[in-house]
Amino acid sequence: MVHQPIEHSRISRVHARLGEAAVDPGRWGDLLEEMCRAVGAEGASLRQAGVRTSDVPYTASMEDLTKVYFKEGWHLRDIRVPRVQSLFASSRPMAPAFCDSDMFSYDEMRQLFRNDGYFNDFLRLGKLKWGGWIRFQVMGQPWLIAFQRTEVQGPYEPGDMLRLSPLAQTLTEVADLSAAVGRSVLTGVLDGLQLVRQPALALDRNGLVLGINSGADAVFDRDFRVSNSRLFIRDGKARRALEHITSDAAAETEHHPRTKIRAENVIAAKRETKKPVLMKLLPVHGAASVPFLGAKFILTLTDLEATPRVSPDIIAQVLRLTSAEARVASMVAVGSSPEVIAAELKVSRETVRNQIKAIFVKTRTHRQSELAALVSRL
């Protein structure tokens, strides 16, 4: 086992480049790669202390192992996690950078290397053994950069951690600025949607509401509203559909490939005394997608209660439907069920259902919520 030296010149270069990530979240991957070269690590990842999600930046060398980490549940059996949390909770002063020997005694490390599944079954998949961390604050919350070394690269020593400590303050400043820029951009997106009269709200990776525009605020009622920073949806089916699309767990399982946000991901949330609200997810990109803010989705809303019925003549002309199909489509667009449509048009429910099927084919939609979203845009 050979001790891998930390190169001061490379640390200085990383220090000088950290500002790039403040305005471009996409730079974190490159910066982590450069940090690994500077500190003699095999791989690195950025993470919030005590929180395990797969959508944070990490080096290419950690990609396969990170997939295994979440797929096989190692994030729930990682012995280092509770030790890191105990360090943060401790009343004694904590160094900005620390390593395995700061969390475990020599005897504990020997036992872990002999018997612990995380060290023996998981880390060995990546030929990893030793860890080192830099802690920093983002908007008052603890974050970490975790470095992983192989057995050949050797453990981090106290002197190594002292050399890394100066990075902590710069990381805090850059991350706070990055989060502020991201929130500003996100607010601008919501305000821009408000200018075109599009109610919308922003969600983070955990489903927490990060912001809403005044249009969305006007849609909320007892069946559909924000409560305790979460979107409350009384309609259980719609709530589960939204959770499925946004769920990290569903995206990380073998049988459910990473969820794609598609145009047909329109969800109709029914209300007891009003027509439904249509929800459509849009991904967050660019400066608003900073890992420290956690913004993942813009959720646009269409309140069918407030949406005037589009003229069947316009629907027929634009979507190339027959007059009868256009009348049905206009009623579907405001949330009417096939039974209500049949009663109002004085035709059989079977006739209405056949017309809806024909409309689906002509408009290339698959569900009434998709058709309603299409017609509402007219």
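The values are calculated or read from the model by the stated rules, or taken from the named source; none is laboratory data. Remember, predicted model here, so these are calculated numbers, not experimental data. Glycine also receives a Cβ, built like all others from the backbone with ideal geometry; neighbour counts cover every protein chain displayed. Heads up: the accessible areas ignore ligands, DNA and RNA and are worked out on the full protein's heavy atoms, side chains in. Shrake-Rupley method; radii C 1.70, N 1.55, O 1.52, S 1.80 Å.
Pairs 296/362; 129/296; 237/274: which are spaced more than 22 Å apart, C-alpha to C-alpha? From 296/362; 129/296; 237/274, over 22 Å: 296/362; 129/296.
May I ask for the Rg/Rh ratio of the stretch 1-160, computed from Cα atoms with Rh as the Kirkwood radius, given to two decimals? Ratio of gyration radius to Kirkwood radius: 0.93. A simple count of charges around residue 158, restricted to other residues whose Cβ falls under 12 Å of its Cβ and scoring Lys, Arg +1 and Asp, Glu -1, yields -3. Taken as Cα centroids, the stretch 195-234 and the stretch 31-78 sit 32 Å apart, rounded to the nearest whole angstrom. When +1 charges are put on Lys and Arg Cβ atoms and -1 charges on Asp and Glu Cβ atoms, the dipole computed for the chain relative to its Cα centre reaches about 1260 debye. Computed from label points 7 Å out along Cα-Cβ, the spacing between residue 162 and residue 226 is 4.9 nm. What is the local net charge at residue 178, summed over the other residues whose Cβ is closer than 13 Å to its Cβ (Lys, Arg +1; Asp, Glu -1)? With Lys, Arg at +1 and Asp, Glu at -1, the net is -2. In plain terms, the bigger the Kirkwood radius, the slower the diffusion; for the stretch 51-116, with that radius from Cα pairs, at 37 °C and 0.692 mPa s, Stokes-Einstein puts D at 237 µm²/s.
Output the DSSP H helices from the chain with an along-axis C-alpha extent of no less than 20 Å and a mean Kyte-Doolittle hydropathy no less than -0.5. Before the final figure, lay out each step's value.
Working: long enough: 167-195 (42 Å, 0.82); 349-363 (21 Å, -0.45).
Answer set is 167-195, 349-363.
The calculated 222 nm mean residue ellipticity attributable to helices in the chain amounts to -13000 deg cm²/dmol, summing -39500 (n - 2.57) over DSSP H runs of n ≥ 4 and dividing by all residues.
Relative to the current alpha-carbon distance between residue 72 and residue 323, full extension at 0.36 nm per residue lengthens the span by 84.8 nm. At a probe radius of 1.4 angstrom, the accessible area of the chain per residue rounds to 50 square angstrom. Counted residue by residue at 0.36 nm each, then reduced by the alpha carbon distance between them, the extension gain from residue 239 to residue 23 reaches 74.4 nm. Using a simple spin-label model with pseudo-atoms 7 Å out from Cα toward Cβ, residue 114 and residue 15 lie 4.3 nm apart.
Put simply, the convex hull of the Cα atoms in the stretch 268-365 casts, on average, a shadow of 8.4 nm².
Computed on the chain, with alpha-carbon pairs under 8 angstrom and 6+ residues apart, the relative contact order is 14 percent. Considering only 84, 44, 60, and ranking their Cα positions along the charge dipole of the stretch 43-100 that arises from unit charges at the beta-carbon of Lys, Arg, Asp and Glu, the one farthest toward the positive end is 84.
Where q = 0.06, 0.12 Å⁻¹, what log10 of I(q)/I(0) comes from the Debye formula for the chain, counting one point per Cα? Computed log10 I(q)/I(0) values: -0.33, -0.93.
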